[in-house]
Structures are given as structure tokens and as C-alpha cells.
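The values are calculated or read from the model by the stated rules, or taken from the named source; none is laboratory data. What you see is a predicted model; the values in this text were computed from it and never measured. Here the Cβ is made from the backbone with ideal geometry for all residues, glycine too, and neighbour counts use every protein chain on show.
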Amino acid sequence: MVSRREDPVSLAVTCAVNVHGLCRRYGERVIIDELDLCIGRNEFVALLGESGCGKTTLLRALAGLDAADAGTIKRAGEVAVVFQEHRLMPWLPLWANVALGMESRTGRALARNALGEVGLSGRENDWPRKLSGGQAQRVALARALVREPRLLLLDEPFAALDALTRIKMHALVKELVARHHPGVLLVTHDVDEAIAIADRILIMRHGRIAVSLDVAAETENGNTACLRANLLNELGVDVPRFAHA
């Protein structure tokens, strides 16, 4: 299903972020081309696409890290980002990493609660060097969610984790999103990951959203094989479109 343009004014009330006519160029190269996008509050959206199609450029624009050449981005509130690297400060204990930039006394209490939410209760005074990769990403999630963002941006945060840890992180992220209700955009190269945790899957192509699929509607019979095959075909991988499990 090809995504459609929608009225940005009518969407402003329900969107965590609303993008209209976004353009981004590097010299003569067009990276994002008049892109429209709405991510609803409490909606989990996964973004797929070939390398170089503009996924990370879009995420950085939504985060306010890169300026757009044209178009508008309307955010409903604070934005938080979790990157592939945890980016913890090794000289700060975990609570201080989570509460970075917050008032010390209030921030410490909030950080303690946030660390408990991600399964690291009682470890607020530990140092980052004592953490596994999965634990470090849990701290990064706690740091993102402690400020109750309206929009949570995830830039391949599980790519460096082993398969079992990745599955556990998927469950944790879904639980945290259900509890805090941000709109979420996950940039990933993993089709199975997108199917496992997203409400809606987008495919980006030539700087635009070329495909938008509702995961629940596509898998209403409990069979994800057809959706997976279709997504891989859209991404240029030759798989029978109507394969069955």
C-alpha cells in the first residue's frame, strides 16, 4: 500500500510528529524528496530501506540534529534518541548517565526509577564498564525515557547485540512503549525485527516513503511469512510473494 498525503493541520492533534514536504540535499544529491509522514502518539513505526536511501538522514532531521532544506517538521513535545552505540559517559555512574542534564536531586530519583524499569534496579551507582552490551543499551533506553518524550527515535539500537539479547530487548522496548506512550520510529535493516515489534512498517525508496503496511492487518491470520516475503521483495530480495510457513 503506497502512503498517502494527509492534511498536516488535522493530524497535528494526534501525531507525535508530523512531517510535510521534507527535503534534504547534499550538494546536487537529493536524499529526502518532499517526504510526508505522520507518526501517531503511542504508535510504533519501523523504517526499512536499502543503505543510502535516507533513513538515518530522516531520523536526524526528526531529532533536530540536521536542518531540512525545505518542508516542515511539527513535533508534539520532547524528542529522545537511542543510537546503535549506547554513548554512555564512562566517568559517570549509571544514575548520572540517565539523569544527564537534569537537576541532581530530582534527576537521581527519576534515574533510579528508570533503571528499575529496564531491569537494573539497585545498580544506579555502578560504572558503565561493568555492563554487558545489552545492559548498556538498557541504560540508554532509561536515559531516553526518563524525560517522558513524545517521540522516541531508535537508530538500529539492537544491531550489535546477540540474537537472544536482541529478542529480550524487543520485549522490553514494547513493554516500555506501552507504559510511556511515545510515538516511536525504529530505523532497522532487519525485516524480522520490524515485524516482531512494529505496528506499522514503512519502506523508504528514493527519498520518499514508498510503502506503508499495517502489521496487524497484514498478519491477521497469524501468518507472517507472506508479509515477510512481500517486504523482502520490496527491498529487492527475490522471495516468492505468497510463501507459507
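Taking the listed residues Ala160, Ala194, Ala171, the one that is farther than 30 Å from Ile31 by Cβ and either of a type in the set (A, V, I, L, M, F, W, C) or part of a strand (DSSP E or B) (or both) is Ala171, with no other qualifying. Candidates Thr57, Thr106: the one that is outside any strand (DSSP E or B), β-branched (Val, Ile, Thr) and under 22 Å from Gly183 (Cβ atoms) is Thr57. Inspection of segment 217-233 finds no residue satisfying the criterion of being surrounded by 21 or more Cβ atoms within 10 Å (Cβ to Cβ), outside any helix (DSSP H, G or I), of a type in the set (Ser, Thr, Tyr) and touching a helix residue (DSSP H, G or I) at 6+ places or on another chain (Cβ under 9 Å).
Tell me whether segment 160-179 contains one or more residues that are closer than 16 Å to Leu59 by Cα and either modelled with pLDDT of 90 or more or of a type in the set (A, V, I, L, M, F, W, C) (or both).
Initial filter on segment 160-179 (closer than 16 Å to Leu59 by Cα): none.
For segment 160-179, residues closer than 16 Å to Leu59 by Cα and either modelled with pLDDT of 90 or more or of a type in the set (A, V, I, L, M, F, W, C) (or both): absent.
Looking only at segment 108-130, count how many residues are in contact (Cβ under 8 Å) with a residue 24 or more places away in the chain and buried (at least 16 other Cβ atoms within 10 Å of the Cβ). Qualifying residue count, segment 108-130: 11. Across segment 4-60, the qualifying residues are those that are closer than 19 Å to Val191 by Cα and among the hydroxyl-bearing types (Ser, Thr, Tyr), and the one among them that is modelled with the highest pLDDT is Thr56.
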